[in-house]
Amino acid sequence: MAVSIVQSTTESITLQITIPLSQSFLDTEETIQSVLNEAGTVASGEALKQFDTDGSAIEMGGMNWTSKGQLPKTYQTPYGTVEVHRHVYQTSAGGTTLCPLEVDARNIMTSTPRLAKQISHKYAEMSSVRVVEDLRENHGRIVHRSFVQTLAEAVGEIALLKEEDWHYQTPKLPAEVATVSLGVDGTCLLLCEDGFRQAMVGTLSLYDAQGERLHTTYVAAAPEYGRNTFLTRMQREIEHIKRLYPNAHYQGLADGAPENWTFLEPVTDTQVLDFFHATQYLDNVAKAIHPRNAKHQKSWMDEHCHTLKHEIGAAERLLAEMETLVPQRVSQSVQEGLQDAITYFRNHHHQMRYAEATARHLPIGSGVTEAGCKVIVKERLCGSGMKWKEYGAGIVLSLRTLSYSQGRWQQFWSKINRYGFTFVE
């Protein structure tokens, strides 16, 4: 062996390491990693023993538990596998067993917490096949794909089960929060049995008085009928952020989907329709006014988009102008596009107060939420050939929202380290 234990106490472990050198430095580096992994495995095995009991009976849940003896079990660590003999407890009634070592060490299934943290973070970013390859190539660790999936699902389950009990602190921000912008949107992913369905993404973005974004919390849920899980999560986050920033201005920002505003209006002070969605409808109007002149269409669009963004009351004036138009010699699609624009502005002109919002340094574009749809959902769940079960998609989304909301991934693991989470055999 290249690693041997020199001394092991309850306070420290001293190892002796021998690293053979090679004429190729790359080969030497590979050897160094291999030997360090061996050292990590040996040290982990010794360290785990410190969390075992002395075999005495324990009382838990009003019941007396006695040791069945020190039974062997293999654990997965970031460095390799290690077999540890540890006390396993059971009541006189039999049935469920309990291993205090696993509870106190914060092991998750057969994994040590550090490996569970590594794998679940990687799984949030890439497929299980790529995680296996990454561990082998970059960490010198060989694990099975099924282990990666099972472990990541276990971590995701903890996140889902504890989402009501574990509250996360907003990171310390460089400026005072003046505005909280709330956004909701959906994007499709492919489910195994139901075909393409819409996953939901929500954002809670904090802005300073000058309109600079300071922080964004992401919320997401797998496709579901009624959106109840998603809306419950959003409501919980909104209540939490309102306790933190009761004097901030709360703004709803989304596209024109009625269900978005049904949720956002009661929890916000003002509502702003995404500026880009509004301007898309103006393109239909430009084609109706200048049906055969692309240059004039662009000129009309530039002028009226600028007006819509910077002049108070512009949306109402544009609507009145559209309602008086009588297009000549245009196609049916152009005529329908004009009518769609008129209907859209009739329904949403009260949410198009862009000049007022800009003057108050409020955001007028839902790009943060739409980017959330891309980053949280599309980049991970919509790769070529990917199909998901609702449960699996939910696990990945829970991991990604923790990972992409600044500070939450670290806080999540701090809570596991502090409170633990017991998996019984």
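The values are calculated or read from the model by the stated rules, or taken from the named source; none is laboratory data. These figures come from a predicted structure and were not determined experimentally. Note: ideal-geometry Cβ built from the backbone for every residue, glycine included; neighbour counts use all protein chains shown. Heads up: the accessible areas ignore ligands, DNA and RNA and are worked out on the full protein's heavy atoms, side chains in. Shrake-Rupley method; radii C 1.70, N 1.55, O 1.52, S 1.80 Å.
What are the residues in region 140-149 that are surrounded by 16 or more Cβ atoms within 10 Å (Cβ to Cβ) and assigned to a helix (DSSP H, G or I), if any?
PHE147, VAL148, GLN149
Please determine, by comparing only the residues of region 314-336 that are in contact (Cβ under 8 Å) with a residue 12 or more places away in the chain, within 28 Å of THR358 (Cα to Cα) and surrounded by 12 or more Cβ atoms within 10 Å (Cβ to Cβ), which one is nearest to the chain's Cα centre (by Cα).
Looking at the filtered set, the residue picked out is ALA315.
Picking from GLN411, GLN339, which residue would you name as being closer than 26 Å to LEU273 by Cβ, in a helix (DSSP H, G or I) and of a type in the set (S, T, N, Q)?
Numbers: GLN411 fails: closer than 26 Å to LEU273 by Cβ.
That would be GLN339, the only listed residue that is closer than 26 Å to LEU273 by Cβ, in a helix (DSSP H, G or I) and of a type in the set (S, T, N, Q).
Please state which of the following conditions GLU265 fails to meet, knowing it meets all the rest: (1) outside any helix (DSSP H, G or I); (2) out of contact with any Phe, Trp or Tyr (no Cβ under 7 Å at 6 or more places or on another chain); (3) surrounded by fewer than 18 Cβ atoms within 10 Å (Cβ to Cβ).
So the condition that GLU265 fails would be (1).
Could you list, in sequence order, the residues of region 66-96 that are farther than 18 Å from GLN50 by Cα and either assigned to a strand (DSSP E or B) or open to solvent by 70 Å² or more (accessible area, probe 1.4 Å) (or both)?
Initial filter on region 66-96 (farther than 18 Å from GLN50 by Cα): 66, 68, 78-80, 90-96.
THR66, LYS68, TYR79, GLN90, SER92, ALA93 - these are the residues of region 66-96 that are farther than 18 Å from GLN50 by Cα and either assigned to a strand (DSSP E or B) or open to solvent by 70 Å² or more (accessible area, probe 1.4 Å) (or both).
If PRO174 passes every condition in (1) open to solvent by 50 Å² or more (accessible area, probe 1.4 Å); (2) in contact (Cβ under 8 Å) with a residue 60 or more places away in the chain; (3) farther than 29 Å from PHE421 by Cβ but one, which one does it miss?
Condition not satisfied by PRO174: (2).
Restricting to region 280-311, and then to whatever is of a type in the set (D, E, K, R) and assigned to a helix (DSSP H, G or I), can you tell me which residue is nearest to the chain's Cα centre (by Cα)?
We begin by selecting, within region 280-311, every residue of a type in the set (D, E, K, R); these are 283, 287, 292, 295, 298, 302-303, 309, 311.
Those still in the list that are assigned to a helix (DSSP H, G or I) too: 283, 287, 295, 298, 302-303, 309.
Details: ASP283: 35, LYS287: 41, LYS295: 44, LYS298: 39, ASP302: 37, GLU303: 40, LYS309: 32 Å.
Filtering region 280-311 for residues that are of a type in the set (D, E, K, R) and assigned to a helix (DSSP H, G or I), the one nearest to the chain's Cα centre (by Cα) comes out as LYS309.
Go through region 97-108 and give me each residue that's aliphatic (A, V, I, L, M) and either open to solvent by 20 Å² or more (accessible area, probe 1.4 Å) or at pLDDT 95 or above (or both). Give the derivation first.
Quick first cut of region 97-108, residues aliphatic (A, V, I, L, M) only: 98, 101, 103, 105, 108.
The answer is LEU101, VAL103, ALA105, ILE108.
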